[in-house]
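Readers should treat all values here as calculations from the given coordinates under stated rules, not as data from a laboratory. Bear in mind that the values here come from a model prediction, so they are computed numbers and not experimental data. A quick note on method: Cβ atoms are made from the backbone with ideal geometry, for glycine too, and the neighbour counts reach across all protein chains shown.
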Amino acid sequence: MERAMDLDELKEKSRKISAPNVDTKGERKDDMGIDNLIRVLKEEDQKERKALKRGFPLSIIAAVIFSVAFAVLFLAPDATPNRSGLFLRGTLMILYIFVAVGIGRKLKGMSRIDYGEPVISFLAKAEKRYEFNAGFNSMDSYLIIAVVFTVLLACGTFVLFQDVLRRYLDVLDPLIGIAATVGFLLPVYAFGIWATRKNWKKDRESIWLQIKQMREYLEREERNGNS
């Protein structure tokens, strides 16, 4: 069996033919070799890590505040919590708990990034980190969290609209409440997806393309080296 091409050989070949640096408009910029690409990834990962570390304590504080606000509804003497207020506070509490857990998991995962591992394996993992909606492409814990929160948000929004419709418009038909909930949440989610993708294209798409093209090139070279 012929040996696989080792890391030094791959790096040497990648220096000779570098992956094209393509911007979000598909225009070719300066070529970027593997060493420069890894340096850029280190810088981008470091910036993301700093942003997450700033946001982590804030998400914990918010989770504690809304947890207390939720608990207060039950601690008052003869408390009869309003359904809409209960769901609103409960949804916000769960949201920030999920956010805090998500940021904590993200930081833990980023601390395990090994910039010295075999280059193709490293690029494959980096490609997944930098692709659009990274972490939501398979049935993993992040997707489960997103689905659970969406269901809770939909239930809370429905209860809130039902309460408002009953109080101010004397409307009791649940179908109207469901229609109002869908009419509110669909544009919110659509805008969120649009804004997220727009930011990704601006900040990460060009880096993702460089990673993808470099990985594909090195894999071709490795296959050719083994043939």
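By count of other Cβ within 10 Å, fewest leading, how are Y115, Y130 ordered? Working shown, then result.
Values: Y115 12, Y130 22.
Exposure proxy ranking, most exposed first: Y115, Y130.
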Inset, instruction - Express in nm, to one decimal, how much length is gained between K201 and E48 on full extension, taking 0.36 nm for each residue of separation and deducting their alpha carbon distance. - result: 53.5 nm
Legend entry - In nm, spacing of pseudo-spin labels at W194 and V151 (7 Å Cα→C-beta vector): 2.9
Legend entry - Cα-projected label distance for M110 with N82, points at 7 Å along beta-carbon direction, nm: 3.9
Inset, instruction - Note down the relative contact order for segment 28-226 as a percent, whole number, built from C-alpha pairs under 8 angstrom at least six residues apart. - result: 25
Inset, instruction - Sticking with the crude label model, points 7 Å out along Cα→Cβ, report the distance from L185 to V171 in nm, one decimal please. - result: 1.7
Inset, instruction - List, in the order given, every pair from K53/K125; K50/K108; K125/K198; K50/K106 whose Cα-Cα distance in the structure shown is over 20 Å. - result: K53/K125; K125/K198
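Please list, by residue number, every one of the trypsin sites (Lys or Arg not before Pro) in segment 54-116 that is coil in DSSP and has at most 14 other beta-carbon atoms within 10 Å. Before the final figure, lay out the partial values.
On the way: sites: R54, R83, R89, R105, K106, K108, R112; in loops: R112.
For trypsin sites (Lys or Arg not before Pro) across segment 54-116 that sit outside H, G, I, E and B with at most 14 neighbouring Cβ atoms in 10 Å, the list reads R112.
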